[in-house]
Amino acid sequence: MARRLVWSPLASGAMMLGLMLGLLLLAGCTGPPGSSPGAGVGSGSSEAVSGRATASPTCPVERNPPDPACAPRPVAGAVLVIQTSAGAEVRRVTTDMNGRFSVSLAPGAYRLVPQPVPGFMGGARPIDFAVRAGQTLPALEVSYDTGIR
């Protein structure tokens, strides 16, 4: 007796979500074609650069003391472009489900350029930072504006 498979919209949605998450994770692991971490910048060593992308405000009224329910929320799937100080793209990284990202870069001067995320007001502000051999860089904080006022 042959079994008949039934495809439901819920199973389809779960499969698409899993596929998208897998692609996002893979996108954060690779740079542009033909590039390597820190290509053309600094020496052969590399250092980890990490951070988090969040969106705020999440409530229309600020309260004192702050309401924990109104804390900034993580931005998953945000694409962050890392450029040299001259503006050449070095890497692209995508934030995970918790808004976190990490990338290895050679020592040098960089600019992190957050790309616009649907549902937020434009892109977050670029962040200039420097990677130095043997030094730990503080976590970068990328802030998106929800538009709530």
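The values are calculated or read from the model by the stated rules, or taken from the named source; none is laboratory data. The shown structure was predicted, so the numbers you read here are calculated from the model rather than taken from an experiment. Cβ sites come from the backbone with ideal geometry, for glycine too, and all protein chains shown count toward neighbours.
Yes/no matrix, rows are residues, columns are (1) surrounded by 16 or more Cβ atoms within 10 Å (Cβ to Cβ); (2) without any contact (Cβ under 8 Å) to a residue 60 or more places away in the chain; (3) hydroxyl-bearing (Ser, Thr, Tyr); (4) at negative phi:
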{"residue": "Asn64", "(1), (2), (3), (4)": "no, yes, no, yes"}
{"residue": "Val81", "(1), (2), (3), (4)": "yes, yes, no, yes"}
{"residue": "Ala139", "(1), (2), (3), (4)": "no, no, no, yes"}
{"residue": "Thr146", "(1), (2), (3), (4)": "yes, no, yes, yes"}
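Picking from Gly119, Gly99, Gly134, Gly123, which residue would you name as being surrounded by 17 or more Cβ atoms within 10 Å (Cβ to Cβ) and at pLDDT below 95?
Working: Gly119 fails: surrounded by 17 or more Cβ atoms within 10 Å (Cβ to Cβ); Gly99 fails: at pLDDT below 95; Gly134 fails: surrounded by 17 or more Cβ atoms within 10 Å (Cβ to Cβ).
On inspection, the qualifying residue turns out to be Gly123.
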